[in-house]
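Sharing a structure below in C-alpha cells format, with a few things to ask.
Every number in this text was worked out from the coordinates using simple rules, so none of it is lab data. Since we're looking at a predicted model, the values are computed, not measured. Note: ideal-geometry Cβ built from the backbone for every residue, glycine included; neighbour counts use all protein chains shown.
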Amino acid sequence: MGIERTFSIIKPDATRRNLTGKINAMFEEAGLRIVAQKRAHLTKAQAETFYAVHAERAFFNDLVSFMTSGPVVLQVLEGEDAIAKNREVMGATNPATADEGTVRKLYGESVEANSVHGSDAPETAAEEIAFFFAGAEIVG
Ligand code: ADP
Ligand code: MG
C-alpha cells in the first residue's frame, strides 16, 4: 500500500486501433499518473524474456508473435496502491469475463489480444520497470 509504481504495456491490438489516448484517460481517471512512457516495437528476444514465466505454456509462441506484431506503449504508472488499482482498471485476462467498464471488457479482442499488460506484484513491477526503463526516464 501507499504510493507505488507499476509497469504497464498498451499492446499491439490497442495501438493498431489508435486507442492509446482512450486507455491513458482511464488510467488517469482512476488516479494513476503516467510517470514514464515510450512507444517501442519489441524484438522477439525482448518479448521472450519479458514473458519467460510463461515459456512452458501452450500459448507462449503465439503470445511472443502477437507482442511483436506491432508497436506497443511501455509505461510506468504511479499512484496509491498502483499495482492493484491498475489490475482493477485492466479487468480480467479474458475480456469475455472482465467486469463492465474495464479496459479489457471495453477494448480487448481475445484472451491473447487483451489490450493491456499490468504487473501483478511489487517484485514483478520492479523487475519489469527496470527491464524497460532507466531511472532517469521515470519522472514522478
Ligand atoms: P495477465 O496479463 O492478466 O496477468 P497472464 O499473466 O496469465 O495474464 O498471461 C499473460 C498474457 O498471456 C495475457 O495477458 C494474454 O495476452 C496471454 N494469455 C494468457 N492466457 C492465454 C490463453 N489461454 N491463450 C492465449 N493467450 C493467453
Ligand atoms: Mg500476468
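Positive end of the charge dipole of the chain (Lys, Arg +1 and Asp, Glu -1 on Cβ, about the Cα centre): tell me which of Leu42, Val111, Gly135 has its Cα farthest that way.
Of the options given, the answer is Leu42.
Note the full-extension length gain between Glu123 and Ala55 as 0.36 nm times their separation in residues minus their Cα-Cα distance, in nm to one decimal. Walk me through the numbers on the way to the answer.
Numbers: separation 68, 0.36 × 68 = 24.48 nm, distance 1.91 nm.
The Glu123-Ala55 span can extend by a further 22.6 nm.
So which chymotrypsin sites (Phe, Trp or Tyr not before Pro) in the stretch 67-140 end up in coil per DSSP with only 14 or fewer other C-beta atoms within 10 Å?
Values: sites: Tyr107, Phe131, Phe132, Phe133; in loops: Phe133.
Listed in order of number, the matching sites amount to none.
Moving on to the next point. Take each of the peptides 14-22, 111-119, 50-58, 87-95, average the number of other beta-carbon atoms within 10 Å over its residues, and list them starting from the highest.
On the way: 14-22: 15.0, 111-119: 21.7, 50-58: 11.8, 87-95: 17.9.
Descending mean neighbour count gives 111-119, 87-95, 14-22, 50-58.
Which of Leu32, Phe7, Val64 sits farthest toward the positive end of the charge dipole of the stretch 1-83, with +1 on the Cβ of Lys and Arg and -1 on the Cβ of Asp and Glu?
Val64
Follow-up. Beyond 19 Å, how much of the Cα-Cα pair distribution for the chain remains, as a whole percent? Please report the intermediate quantities before stating the final value.
On the way: 4615 of 9730 pairs.
The share of Cα pairs beyond 19 Å in the chain comes to 47 percent.
Right, another one. Assigning unit charges at the beta carbon (Lys, Arg +1; Asp, Glu -1) and nothing else, what dipole magnitude in debye, to the nearest 20, does the stretch 2-140 show about its Cα centre? All intermediate terms of the calculation are to be shown ahead of the outcome.
On the way: 14 positive and 20 negative charges, 111 e Å.
Here the stretch 2-140 has a charge dipole of around 540 debye.
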